[in-house]
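Chemist: I have a structure here, written as structure tokens, and I will follow up with some questions on it.
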Amino acid sequence: MSESTKPASVITISCLSGGSGKTTTCLNLATMLSSKGKTLAVDFDPQGNLSQWLGWTDLSEDATIAETLMPSGDRLNIKEIIKPPKNEDRKGKLELAPADYSLSGAGDIIAPQPGRERFLKRALKPVLNLYDFIVIDSPPAKGILTYNALLAADYLVIPTECTNKGVMGAVNTVTLLKELEDIDFIVPTIMGIIPTRDQWSGANQTRMSKAALTALSSALSEIQIFSSVRQSTIVQQTNYAGWSLAEAGEKSLATAYTEVVNTIFKARTNV
Ligand SMILES: Nc1ncnc2c1ncn2[C@@H]1O[C@H](COP(=O)(O)OP(=O)(O)OP(=O)(O)O)[C@@H](O)[C@H]1O
Ligand SMILES: [Mg+2]
């Protein structure tokens, strides 16, 4: 791994709602960013979906991100757990810090430790100068793992399902960020919201999606809302193959992700 001139831009993908498209967003952004610079995808969800989509379906014999959070003595340097994607040769431009269910146990182990909310930030330090971009996937619930994912990042992207439940998840995520800021944590800048699973019937957007998008822009009017990602079985297929929509040639489905990648790239070159 060669040294990058600037520390990595760290982007966390979070929304306090299950199935909102977090891992899909993480996969798309990480693979797209890897064509612009060296990128580390960090799986920080005990469900391990990102690791699975990148080909690591069985990590029982491998060290994972959980080991990088342990108290000193048992703690591994993150460099020892990083792997290439197994499904696709991305010429060393995309790498993965994988996770599996053992991460939920790590959450319990670190809970009594001082500074427990910033252990992922500490774990990333040795590789900040080895990557241009670090993209972190996170779990759907409020808790110590989510705090770690948020507090490790420079930027936050919130994928939001186009339903009432999705909008509540986005509002709760922004509220959580404010709570963390109120107790003097340095929180990431919110880059924006990606409405996901936007449902259309032929040429017409469904009433449910329309209502959710209206509620979203009125509840979080101060936050940028990117183009939405339509509901499509193609997304499930590309996820399963570990490809971005852009790699699969699905340009219009990938519009929102292209917008976010351009925003991340612009923020990096302006700093
Ligand atoms: N635009 C879309 N169209 C159709 N299916 C989608 C779309 N986006 C995501 N999905 C599918 O919806 C499911 C949930 O998406 P994903 O895993 O990305 O959400 P998540 O927020 O990471 O979920 P969790 O909270 O469980 O971690 C997956 O099966 C995924 O393939
Ligand atoms: Mg997920």
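The values are calculated or read from the model by the stated rules, or taken from the named source; none is laboratory data. All values derive from a computational prediction rather than experimental measurement. For neighbour counting, all protein chains shown are included, and Cβ atoms are generated from backbone atoms with ideal geometry for every residue, glycine included.
Chemist: Counting only residues that are away from ligand 2 (no atom under 16 Å from the Cβ) and touching a residue at least 60 places away in the same chain (Cβ under 8 Å), which one in the stretch 154-171 is nearest to residue 209 (Cα to Cα)?
Modeler: 162
Chemist: Residue check: is residue 37 in contact (Cβ under 8 Å) with a residue 40 or more places away in the chain, within 13 Å of ligand 2 (Cβ to nearest atom), over 13 Å from the mean Cα position of the chain (by Cα) and assigned to a loop (DSSP other than H, G, I, E, B)? Spell out how you get there, then give the answer.
Modeler: Numbers: in contact (Cβ under 8 Å) with a residue 40 or more places away in the chain: yes; within 13 Å of ligand 2 (Cβ to nearest atom): no; over 13 Å from the mean Cα position of the chain (by Cα): yes; assigned to a loop (DSSP other than H, G, I, E, B): yes.
It is false that residue 37 is in contact (Cβ under 8 Å) with a residue 40 or more places away in the chain, within 13 Å of ligand 2 (Cβ to nearest atom), over 13 Å from the mean Cα position of the chain (by Cα) and assigned to a loop (DSSP other than H, G, I, E, B).
Chemist: Looking only at the stretch 10-30, count how many residues are more than 9 Å from ligand 2 (Cβ to nearest atom) and in contact with an Asp or Glu (Cβ under 6 Å, 6 or more places away or on another chain).
Modeler: Number satisfying all stated conditions: 1.
Chemist: Right, here's the next one. So, in the stretch 191-208, how many residues would count as being farther than 17 Å from residue 158 by Cβ, outside any strand (DSSP E or B) and in contact (Cβ under 8 Å) with a residue 12 or more places away in the chain?
Modeler: First, pick out the residues of the stretch 191-208 that are farther than 17 Å from residue 158 by Cβ: 199-208.
Going one step further and asking which of them are outside any strand (DSSP E or B), we end up with 199, 202-203, 206-208.
If we keep only those that are in contact (Cβ under 8 Å) with a residue 12 or more places away in the chain too, we end up with 199, 208.
The qualifying residues number 2.
Chemist: Could you please let me know if residue 141 is more than 12 Å from the chain's Cα centre (by Cα) and within 16 Å of ligand 2 (Cβ to nearest atom)?
Modeler: yes
Chemist: Of all residues in the stretch 214-254, which are within 15 Å of ligand 1 (Cβ to nearest atom), surrounded by 17 or more Cβ atoms within 10 Å (Cβ to Cβ) and outside any loop (DSSP other than H, G, I, E, B)?
Modeler: Matches in the stretch 214-254: 230, 235, 238, 239.
Chemist: Checking residue 134 against (1) loosely packed, with under 15 Cβ neighbours inside 10 Å; (2) more than 14 Å from ligand 1 (Cβ to nearest atom), which test does it fail?
Modeler: Among (1) loosely packed, with under 15 Cβ neighbours inside 10 Å; (2) more than 14 Å from ligand 1 (Cβ to nearest atom), the lone unmet condition for residue 134 is (1).
Residues checked against (1) under 12 Å from residue 46 (Cβ atoms); (2) more than 16 Å from ligand 2 (Cβ to nearest atom); (3) touching a residue at least 12 places away in the same chain (Cβ under 8 Å); (4) of a type outside the set (Asp, Glu):
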residue	(1), (2), (3), (4)
95	no, yes, yes, no
98	yes, no, yes, yes
111	no, yes, yes, yes
119	no, yes, yes, yes
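Chemist: Something else about it: List the helices (runs of 4 or more DSSP H) that sit entirely inside the stretch 70-157 and contain at least 3 residues that are of a type outside the set (Gly, Ala, Ser) and within 30 Å of residue 223 (Cα to Cα).
Modeler: The helices (runs of 4 or more DSSP H) meeting that bar are 119-124, 144-151.
Chemist: OK, next. I'd like to know if the stretch 2-16 contains one or more residues that are out of contact with any Leu (no Cβ under 9 Å at 6 or more places or on another chain) and farther than 22 Å from residue 129 by Cα.
Modeler: Yes, because at least one residue in the stretch 2-16 is out of contact with any Leu (no Cβ under 9 Å at 6 or more places or on another chain) and farther than 22 Å from residue 129 by Cα.
Chemist: For residues that are farther than 24 Å from residue 187 by Cα, surrounded by fewer than 20 Cβ atoms within 10 Å (Cβ to Cβ), under 20 Å from the mean Cα position of the chain (by Cα) and not polar (S, T, N, Q), tally how many sit in the stretch 93-128.
Modeler: Final tally of qualifying residues: 2.
Chemist: I'd like the full set of residues that are out of contact with any helix residue (DSSP H, G or I) (no Cβ under 9 Å at 6 or more places or on another chain) and not charged (D, E, K, R), limited to the stretch 61-79.
Modeler: Answer for the stretch 61-79, where residues must be out of contact with any helix residue (DSSP H, G or I) (no Cβ under 9 Å at 6 or more places or on another chain) and not charged (D, E, K, R): 72, 73.
Chemist: Which residues, counting only those in the stretch 38-77, are more than 16 Å from ligand 1 (Cβ to nearest atom) and touching a strand residue (DSSP E or B) at 6+ places or on another chain (Cβ under 6 Å)?
Modeler: 39, 40
Chemist: Within the bounds of the stretch 147-164, is there any residue that is more than 19 Å from the chain's Cα centre (by Cα) and modelled with pLDDT of 95 or more? Outline the logic, then answer.
Modeler: The initial filter retains those residues of the stretch 147-164 that are more than 19 Å from the chain's Cα centre (by Cα), namely 163-164.
This time we only want the ones that are modelled with pLDDT of 95 or more, so: 163-164.
Yes - at least one qualifying residue is present in the stretch 147-164.
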